[in-house]
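The values are calculated or read from the model by the stated rules, or taken from the named source; none is laboratory data. All values derive from a computational prediction rather than experimental measurement. All Cβ positions, even for glycine, are placed from backbone atoms using ideal geometry, and neighbour counts span all protein chains on display. For accessibility, only protein heavy atoms count, side chains too; no ligands or nucleic acids. Shrake-Rupley method; radii C 1.70, N 1.55, O 1.52, S 1.80 Å.
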Amino acid sequence: MREIFVLTEHRRGQIRDVTFEMLTKGRELAEETNTELTAVLLGKDVKEYAKTLSEYANRVLVVEDTKLENFNSEAYQKVLANLINERKPLLTMMGHTSYGVELAPSLATALNLPLATDCIDLTFENETFFVTRQMYGGKVNVRAVVRKSESYIATVRPATFQPQKPESMNGEITEIASPLTEEITEKRFIEYVLPPPGGVDITAADVLVGIGRGIKDEKNLPMMEELAKALGGVLACSRPIIDKGWLPSDRQVGTSGKTVKPKLYIAVGISGAFQHVLGMKNSDLIIAINKDPNAPIFSFADYGVVDDLFKIVPQLKEKIYELKGQKA
Amino acid sequence: MDVIVCVKHVPETAEAEIKIDSSGKSIEKAGLVFDINEWDDYALEEAVRIKEKFGGTVTAITVGSEEAESTLRKCLARGADQAIRVDGKAFEGSDGYATAKILHRAIKDMHFDIILTGMQAGDDGYAVVGPVLAEMLGIPHATMIKKIELGEGVAKVNRELEGGLEEKVEVKLPALFTVQTGINEPRYVSIMGIRKAMKKEIKVLGLADIGLTENDVGEAGSWIKIEKLFIPPVEKQAEFIKGSPEEVAAKIAEIIKAKGLV
Ligand SMILES: Cc1cc2nc3c(=O)[nH]c(=O)nc-3n(C[C@H](O)[C@H](O)[C@H](O)COP(=O)(O)OP(=O)(O)OC[C@H]3O[C@@H](n4cnc5c(N)ncnc54)[C@H](O)[C@@H]3O)c2cc1C
């Protein structure tokens, strides 16, 4: 029976969530297409993971090699190319993550298979492969058809599918000899680089004022800081504020920053790109201030204000102090 | 070090109202402001810094229509030595894969030590052009780069992983790197730089010049074909607070108070 491959993403001793999200979507696709779900696991000393994965898939293919100890797209590409050529899966899924972005496009090119990236939905209809993805920072969705092929590759956006453990699944674990007989010569993993320690822990704050590119200029930071102070909270931000060097990187909320869950998150001049939203959408109360009524942030907020933030923020600070019976 | 930097001319849409056009497959471009893709801006800056430190040249290349020349002029003003634009009617509908094919044909006989691209384009967000191009050229690549240290025949680069983590990787040169935002601080262009850039010639190449046929590019030569665009369905809609700034502020303050946060 043909298969759907899900590439296991793991790092520093842990299987990453996107793997289980893909296995859940993969199972649905396997049922629809009458195929089997196969988790593909590359690494070194990873048998323990294989057991966990076997509870989600019909089969786990394990390739172990010291050259696979840390992710390296050169090594991964060689192993996956072999597996795909031999087993001809209908579809190979991997995360639209730092690993998937590094690996999928060159693998697809080398195998001459079509690739759809950053998918938020995938379906087979009458033997045609359709995907849904986003454009323009999440303001538009696209339904696209993938060039007809015997086998497809797709990268899947993290946190899109809710992971669900099947009732009774006990996949067989198959070990496959590593095809990596030659040295990996072009790319070498050296080390992980951790973010600098210390600084402000935004994950511990009850109230966060999250500021985005909409604040326009570094000279507007004090106005934002004053609002945070009035609320007894802390300033957090979207990525462009870090990229410009206006705040230190420990203040960044999102996939490449921190995940926060404060009692109150006020998003000021933030559009609501998914990389930001993933880091704050579980806050208890979200209030968004943005002059664009169609900003995606409004579909994650409890309350929204469509207006110029420079008019609202100073007024809000005043009102908070009034309620507290204090002068600003 | 000879560096080639691939850039894209894209509409700025963060603050703009977006309308889907009558074809249903594209947005209405009229009225939108176009500029260099955010990620490419950082790639360009990195290319110019490499040239300043190690000598050599910077070549900026784009696949785009005549309007895209303003982005190439910006590259020239910021320190690129030459600019190439690849253009053709048949290119319309090209996805990242077809675009990489076009770039490959235009670049393959040029000398380079490093190719830089943005890690993705802000409009379609495929994040594939760089690594596909590298595979076609038969050179290694690394994506989402936050730091480049050049050595003898190799580069040590920091790749961004999730949650603030990075990994340091050594890559043999020549190589292609896709750049993540925040790797540097792109410089402003001087008036002098702009004036000088206006005089420079932009080389234009067409389909025949790069030896491709209509079937290799556009929708025919792409991995994926857009069927239709639609506005994302809203799962939850914020309750909008209306009124003058003062009224709005008073209402928000009450909501916050009701939650016991003031
Ligand atoms: C791999 C990767 C990882 C990423 N990781 C992260 C991450 O961890 N965190 C993150 O935040 N982003 C991340 N990003 C970037 C993300 O895709 C967006 O580019 C970013 O979140 C946009 O930030 P923003 O909303 O502040 O800016 P923009 O999208 O530019 O939005 C600015 C908003 O301000 C509004 N505005 C402007 N002026 C005013 C005004 N006067 N009054 C009111 N509103 C105004 C505009 O309407 C607009 O909605 C990542 C991207 C990639 C590719």
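What residues of the range A:300-328 lie in the reach of a label at B:V234, counting those whose backbone N is under 12 Å from a point 7 Å from the Cα along Cα→Cβ? In the range A:300-328, the label zone of B:V234 (backbone N under 12 Å from the point 7 Å along Cα→Cβ) covers A:300-306. Between the range A:203-231 and the range A:1-51, what is the C-alpha centre distance in whole Å? If we compute the Cα centre of each part, the gap is 41 Å.
Between B and A, buried accessible area summed over both sides at probe 1.4 Å, in Å² to the nearest 100?
7400
Considering helices alone, the calculated mean residue ellipticity of chain B at 222 nm is -8000 deg cm²/dmol, with DSSP H runs of length four and up weighted by -39500 (n - 2.57) and normalised per residue. Across chain A, the longest piece that holds none of the GluC sites (Glu not before Pro) lying in DSSP loops with up to 10 other C-beta atoms within 10 Å covers A:184-328.
Each residue of the range B:161-171 was assigned a 3J(HN,Hα) from its phi angle through the Karplus curve 6.51 cos²θ - 1.76 cosθ + 1.60 (θ = phi - 60°); the sequence is 9, 8, x, x, 7, 10, 10, 9, 10, 9, 10 Hz, with glycine and proline shown as x.
Take every Cα-Cα pair in the range A:3-175 and report what % of them are more than 21 Å apart. Let's see the in-between values first.
Values: 6355 of 14878 pairs.
So the portion of pairs separated by more than 21 Å is 43 percent.
How would the range B:3-216 be classified by its alpha-carbon gyration tensor: rounded, prolate or oblate, with rounded meaning a/c under 1.5 and the a/b versus b/c comparison settling the rest? Judged from the Cα gyration tensor, the range B:3-216 comes out rounded (a/c under 1.5).
List the residue ranges in chain A for DSSP H helices whose C-alpha atoms run 18 angstrom or more along the long axis and whose Kyte-Doolittle average is 0.0 or above. TM-like helix candidates: A:98-111, A:309-323.
Over the range A:202-324, the alpha carbon radius of gyration divided by the compact-protein estimate 2.2 N^0.38 Å works out to 0.93. Can you list the aspartates and glutamates whose alpha carbon is less than 12 Å from that of A:K25, not counting same-chain residues fewer than 8 positions off? Output for A:K25: A:D121. Here the range B:8-52 and the range A:157-190 have alpha carbon centers that stand 36 Å from each other. The simple Förster model, with R0 at 41 Å and r as the Cβ-Cβ distance, assigns A:R143 and A:D308 a FRET efficiency of 0.70.
Computed with a 1.4 Å probe over protein heavy atoms only, the accessible surface of the range B:22-120 comes to 40 Å² per residue.
Modelled label positions at B:E152 and B:V204, each set 7 Å beyond Cα in the direction of Cβ, lie 4.7 nm from each other.
Probe radius 1.4 Å, ligands and nucleic acids ignored: give me the carbon and sulfur share of the accessible area of the range B:128-262 as a rounded percent. Roughly 51 percent of what the probe reaches on the range B:128-262 is carbon or sulfur.
How many Å² of accessible area per residue for chain A, probe 1.4 Å? Mind dumping the intermediate values first?
Numbers: 13320 Å² over 328 residues.
Normalised by residue count, the accessible surface of chain A is 41 Å².
Between their Cα atoms, which of A:K67/B:K146; B:K51/B:K147; A:K139/A:K291 are more than 21 Å away from each other? Violating the 21 Å Cα-Cα cut-off are A:K67/B:K146.
Relative to the current alpha-carbon distance between A:S168 and A:D201, full extension at 0.36 nm per residue lengthens the span by 7.8 nm. Taking the protein heavy atoms of the range A:233-326 in the context of the full set of protein chains, the accessible area attributed to carbon and sulfur is 47 percent at 1.4 Å. Rounded to the nearest 0.05, the FRET efficiency derived from the C-beta distance between A:D121 and A:E183 at R0 = 45 Å is 0.65. Scanning residues 5 or more positions from B:W223 or on other chains, those with amide H under 5 Å from its amide H are B:D95, B:Y97, B:A98, with H placed 1.01 Å from N in the peptide plane.
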